[in-house]
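Before any comments, here is the structure.
The values are calculated or read from the model by the stated rules, or taken from the named source; none is laboratory data. Since this is a predicted model, take the numbers as computed values, not measurements. Don't worry about glycine lacking a Cβ; one is built from the backbone with ideal geometry, like all the others, and counts go over all protein chains shown. Note: areas computed on protein heavy atoms with side chains; ligands, DNA, RNA excluded. Shrake-Rupley method; radii C 1.70, N 1.55, O 1.52, S 1.80 Å.
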Amino acid sequence: MDLAGQTGLITGASSGIGLECARVLAPLGVRLILVARRWERLKTLAQELQAQYGTPCWVSQLDVRDWQAVQEWFAQLPPAWQAIDVLINNAGLSRGLEPLYAGAVDDWEEMIDTNLKGLLYMTRLVLPGMVARGRGHVVNIASIAGIDAYPGGNVYCATKAAVRMLGDALKHDLLGTPVRVTTINPGLVETEFSEVRFHGDRERAKRVYQGLTPLTGRDVAETVAFCLTRPPHVNIQELTLLPVDQANVLRVHRRE
Ligand code: NDP
Ligand code: 8X3
């Protein structure tokens, strides 16, 4: 499917997988709405894409956890930008790696509010237009962590399992419409993810990927683009991609 001229909304476009999705979709001719809290980063990305590909970009500082703010933001989008063809629900994070019985409730709230409620808010606002226009594709970035649990993964794993289930449920709700829904489950991807998980501890974050070759944000973005560019009658419902050095969420091969 040709994506040229389509409008794509990427949440969490200021870093990692979301940022790379923008870089992969821009040369395919997608007009991009880039959303995250770190506005300066989004602005720099938009400038890069405009200079390289002439990509029209709409850049918004937005916290997807804030239902009121998300509604107001969506309402003020010009109609040409509100007609979103591709929604990539990517904004998300993990916080902490403690056993559940020692976990921080604030961390739980942040993960549930971002990974789950933020995704629901965006989808609730964008989908009616897709259904009315008879075109659209929702891509949810879940995780291998939503397939199997790992020690300390508890609430993060639960949010990602919920994202997978929501994708399946959404597919039922959309059956009979041409709107497609895809769930992507990446394994280890080296982004700012672990740094955020460990509250800025870079050394600890680096050790997560030590001795193995992780996926890059670009690897995931290219997979997203593959799903988006299938013919309109094809829906890649769920796709898991892992580094070759990873067998499942618990087992990895390290060389050192
Ligand atoms: P990064 O930390 O590099 O990027 C996360 C992005 O989410 C940032 O752009 C951040 O922007 C945005 N974000 C976080 N909270 C909010 C919020 N409240 N409102 C708006 N935007 C927000 O990590 P990744 O790129 O790795 O993560 C992207 C997605 O991929 C997440 O859903 C993650 O769970 C998932 N994932 C990651 C894997 C990995 O190993 N890295 C593996 C499997 C899935 P800002 O801070 O500017 O708001
Ligand atoms: C991110 C993958 O295994 O670090 O969703 O939780 S993992």
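One table, with the values for the structure above:
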| item | result |
| --- | --- |
| Condition met for V138 (aliphatic (A, V, I, L, M) and within 12 Å of ligand 1 (Cβ to nearest atom)) | no |
| Residue in the range 56-67 that is within 15 Å of ligand 1 (Cβ to nearest atom) and part of a helix (DSSP H, G or I) present | yes |
| So R135, is it open to solvent by 10 Å² or more (accessible area, probe 1.4 Å) and touching a Pro at 6+ places or on another chain (Cβ under 8 Å) | yes |
| Number of the exception - R164 against (1) within 16 Å of ligand 2 (Cβ to nearest atom); (2) more than 30 Å from V30 (Cα to Cα) | (2) |
| Test: residue in the range 70-80 that is within 14 Å of ligand 1 (Cβ to nearest atom), of a type in the set (V, I, T) and either assigned to a helix (DSSP H, G or I) or within 14 Å of the chain's Cα centre (by Cα) (or both) | yes |
| Selection count where residues are closer than 12 Å to T114 by Cβ and basic (K, R), scope the range 146-167 | 1 |
| Top-ranked residue of the range 132-141 - restricted to ones that are in contact (Cβ under 8 Å) with a residue 60 or more places away in the chain and closer than 11 Å to E238 by Cα, ranked as nearest to the chain's Cα centre (by Cα) | I141 |
| Verdict on G92 being of a type outside the set (F, W, Y), part of a loop (DSSP other than H, G, I, E, B), touching a Gly at 6+ places or on another chain (Cβ under 9 Å) and open to solvent by 10 Å² or more (accessible area, probe 1.4 Å) | yes |
| Criterion (at pLDDT 95 or above and closer than 16 Å to V35 by Cα) met by exactly one of L174, L120, L170, L116 | L120 |
